[in-house]
Amino acid sequence: MKSNFMGKTIIISNRLPVKIAIKEGNYSFQPSEGGLATGLGSIYKNGNSVWLGWPGLFVDNEQQKKGIDKKLAELNLYPVYLTNEEISQYYEGFSNEIIWPVFHYMATYARYENAYWEYYNIVNKKFCDAFLKIYQPGDVVWIHDYHLMLLPKLIRTAQPLASIGFFQHIPFPSFELFRLLPWRSELLEGLLGADLIGFHTYDDARHFLGASSHILSLKSSLNTVLYDDRKVVVESFPMGIDDKKFSGLTNDLEVRRNIEGLKTTYKDLRLILTIDRLDYSKGILQRLQAFDLLLENRHDWREKVSLYMIVVPSRDSVTMYKELRNEIDKLVGNINARHRTNTWTPINYFYRSYPVEMLSALYQFADVCLVTPMRDGMNLVCKEFVASRINNDGVLILSEMAGAAKELIDSIIVNPNNTVEISHAMLTALNMPAEEQQRRMKRMKELVSKYNVHQWVAAFMNRLNEIEKPKQLEVSKYLNFFTGQYIRNRYVRAKKRLILLDYDGTLVNFSIDINAVSPDKELLDILQDLVDDEKNKVVIISGRQHTTMEAWFGKMDLDMVAEHGVWYKPSGGKWQEKNSV
C-alpha cells in the first residue's frame, strides 16, 4: 500500500527483516520470510521509507559495520547495533524473562531483575537516538512489539508532533497480572506516547485500557485515552498472512515432490500436524498427553493415525527451555515406547526448523492441524494451514486462547488445558464427514483471504492517518504580525481586562505528577505582573484541589476556581463550595 503521509514511513522493530550470515569473514544477506516482513514490505521497499532494527548479530569492527550499513541501505534497512551485554540483558533478560511470561499469563516464570530494566531503558534510548538521525518532520513512525514499549514516549518527548503508531504482537494481560510488574507505570506511559496503539484482539485492547485506568488513573471513553493532554486511540487489528503465497505454493515443484514423499511414507495413515516454536506458552506437553489419551481410549485408531510434530529450536540454552525440551523428549519417548508396533510410530517428532516448501507440503497433506497454545497473540500457523487447503478439506483444531480463535470460529475450538477435550476434538476431526469439512474450510478460507496481511497493514496505516488529520488541526497556530499587533493595541487601550487562565495544559504542561507542575518563579513573576496592573482582574481555573491552589497562589490578589468549579475563592475572600455560592 501507499502511505497517505507527506513524509516517509519509519518502521521500527527489535529485528530487521533480514538474515545475515557470516562465512569466512564475508557477510551474506537473505530476506526474512515472516508474515510481518511480507506485509510491511509494501511500505519499506517503496520510496525513501526505511525499517530500523537490530541486524541480529554482534558486530564490533567499525569497518565491518560500514560494509553492513552499505548493504542494508540498499534494502532500505537501517541497523541499530547492540553489544553482547545489551542483547543478553535487554532481549534475553527483560523482554523474554519478564515481559514474555507475564504477558502470556505465566508470571511464575518471570525474574524481576533490576539490571534487566536498566538495560531495557538503555536499548530503547539507543533505538530512539538512531531514529532521530533519520527522522524528518512529516514522517510517520510504526513501532512493533514488546521489546520497545518505552520507545513511543521517548520519540514523543524528542518530537512532540510526530505521528506514532505502536502494535503489540503478543497478548496484553489483564490488570491483575500486569500490575505484578515493578515498572508497570513506566511501561504504560511509554506506550501512551503513541497516537494509535494496536492489538490483535478486542480483549487485549480492553486489558490495556483497564491497566491505564487502574494504574495511571486515566479516563477513557470507548477506545480513547486522554494522556498528557493528547488523545490516544486503542484498537484491535487482527493480523493476517500472505494467503496468496501459501495457496500459490501448491503448484511449486519442490512442494509437489515433498507431498509425494509424504504419501509414500504415510500412505495408510491419517496425519495430525503440529508446528510450534519451543516455548512453554505453546501447550506442547498437554497436546502430547491428549494424543496419548486418544490412543489409550480408542485402540481402533492405533496404526491408523500419527502425530507429526515439529518443534522449532528456541533459546534451548536457557535452563527453563532446556528443561521443557527434555520433558518433551521424555514424553514422546514414553508414548512411542508404549504404543508403537513394528510398522507404526505414533509420534513423528522433529526438533528443527523446516523450509517453507516442506511446511506447505505438510499443510496440504495432513488431515488435521492441531494448534493449542496456552496463550498466543494471534498464531499464524492455523491461517497458513487454512490458506494451503486448495481442496477445502482438512480440519483445524484451535485453542480458544489464541487470538485467531476470535476469527476462525469454524475450527474446532478447545481449552488447551483440557486434555480430555483435545482428545475428543482429535477424534471428531478424524471422523468429520467430507461435506462438513468443506463447509467449515470454505468459510475460513474466505476470511483468511479477505483479512490478509496486506489488509492488516492498510487498516492500521489508514487508521493512523485518520487520527493524524484532526490532530494537525489541533496544533497551535502562531499569530501573524498584524493579528498580534492588533491584540496588543486592544490590550493597551482597554480600561478593564478580565484574564481567565487555565492552569494545566496552558500555564504548565499537563502531568499527573503534582510535583512536576507546581508553578516556578518565572510563572509566579508573570502572574504577579498581571495582578499588579489595576486594570486587570486575573482568574486561575483548574481541576486541581482547592487546597493545592491555595498553597500555590493563596498570597496573590487574584480569583481562583478549583476542582472544575466545585470551589471558588474571590480575591481577598475565603474558599466557598459551589452549593454555598
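The values are calculated or read from the model by the stated rules, or taken from the named source; none is laboratory data. Remember, it's a predicted structure, so these values are computed and weren't measured experimentally. Virtual Cβ from ideal backbone geometry, glycine too; neighbours counted across all protein chains shown. These area figures cover heavy atoms from the full protein model, side chains too; ligands, DNA and RNA do not enter into them. Shrake-Rupley method; radii C 1.70, N 1.55, O 1.52, S 1.80 Å.
At R0 = 30 Å, how high is the FRET efficiency between Leu523 and Ser220 if r is their beta carbon distance? Nearest 0.05 is fine.
0.45
Taking N as the number of residues in segment 118-215, what is its Cα Rg relative to 2.2 N^0.38 Å?
Relative to the rule-of-thumb radius for its length, segment 118-215 sits at 1.06.
Measuring from centroid to centroid over Cα atoms, what is the spacing of segment 284-355 and segment 379-409 in Å?
21 Å
Which Cα, out of Gly240, Asn391, Pro101, lies furthest along the positive dipole direction of the chain (beta carbon charges, K/R +1, D/E -1)?
So the residue furthest toward the plus end is Asn391.
Given Cα pairs under 8 Å that are at least 6 residues apart, what percent is the relative contact order of segment 112-197?
Here the relative contact order equals 33 percent.
Kindly provide the GluC sites (Glu not before Pro) of segment 164-227 that DSSP labels as loop, not H, G, I, E or B, and whose Cβ sees at most 13 other Cβ atoms within 10 Å.
When the GluC sites (Glu not before Pro) of segment 164-227 are filtered for loop state and at most 13 Cβ neighbours within 10 Å, nothing remains.
Tell me, how many Å apart are the Cα centres for segment 512-573 and for segment 103-145?
Using only Cα atoms, the two centres lie 39 Å from each other.
Could you provide, to the nearest whole Å², the per residue accessible area of the chain with probe 1.4 Å?
That works out to 48 Å² for each residue.
Counting C-alpha atoms alone, how compact is the chain: give Rg to one decimal and Dmax as a whole number, in angstrom.
Cα-based Rg and Dmax for the chain come out at 29.4, 106 Å.
Assuming 1.306 mPa s and 10 °C, estimate D for segment 389-467 with Stokes-Einstein, Rh taken as the Kirkwood radius over Cα pairs, in µm²/s.
In µm²/s, the coefficient rounds to 112.
When the Kirkwood hydrodynamic radius is evaluated over all pairs of different C-alpha atoms of segment 54-194, what value in angstrom, to one decimal, is obtained?
In segment 54-194 this quantity evaluates to 16.1 Å.
Among the listed pairs Lys8/Lys245; Lys330/Lys450; Lys495/Lys521; Lys445/Lys469; Lys282/Lys445, which are separated by more than 31 Å between their Cα atoms?
Lys330/Lys450; Lys445/Lys469
What is the distance in Å between the Cα centroid of segment 47-96 and that of segment 158-196?
23 Å
Roughly how tilted is helix 521-532, in degrees to the nearest 10 and between 0 and 90, from the longest Cα axis of the chain?
Compared with the principal axis, the helix lies near 40 degrees.
Quick one: Karplus J couplings for segment 497-505, per residue in order, coefficients 6.51, -1.76, 1.60, θ = phi - 60°, nearest Hz, x for Gly and Pro?
Whole-Hz 3J(HN,Hα) from phi for segment 497-505: 9, 9, 10, 9, 10, 6, 8, 5, x.
Evaluate the charge dipole of the chain about its Cα centre and quote only its size in Debye, nearest 20, assuming +1 on the Cβ of each Lys and Arg and -1 on the Cβ of each Asp and Glu.
Computed charge dipole of the chain: roughly 1180 debye.
Report, to the nearest 10°, how far helix 253-265 tilts away from the longest principal axis of the Cα atoms in the chain, using its own Cα long axis and a range of 0 to 90°.
Compared with the principal axis, the helix lies near 50 degrees.
Along the Cα→Cβ direction, 7 angstrom out, place labels at Asn326 and Thr343. What is the inter-label distance in nm?
About 3.9 nm, to one decimal.
Can you give me the % of accessible surface on the chain that is carbon or sulfur? Probe 1.4 Å, all protein chains present, nothing else counted.
C and S atoms contribute 51 percent here.
On a 0 to 90 degree scale, rounded to 10, what angle separates helix 356-365 from the longest Cα axis of the chain?
Roughly 60 degrees between the two axes.
List the relative contact order of the chain as a percent without decimals, with contacts defined as Cα pairs under 8 Å and 6+ residues apart.
RCO, the chain: 11 percent.
Going by amide H atoms built from the backbone, whose H comes under 5 Å of the H on Val80, apart from near neighbours?
Distant-sequence amide H within range of Val80: Gly53, Trp54.
Translational diffusion coefficient of segment 320-421 at 20 °C, 1.002 mPa s, Stokes-Einstein with Kirkwood Rh over Cα pairs, in µm²/s as a whole number.
139 µm²/s
Taking the Kirkwood radius as the inverse of the mean 1/r across Cα pairs, report the Rg/Rh of segment 521-581.
Here the Rg-to-Rh quotient is 0.97.
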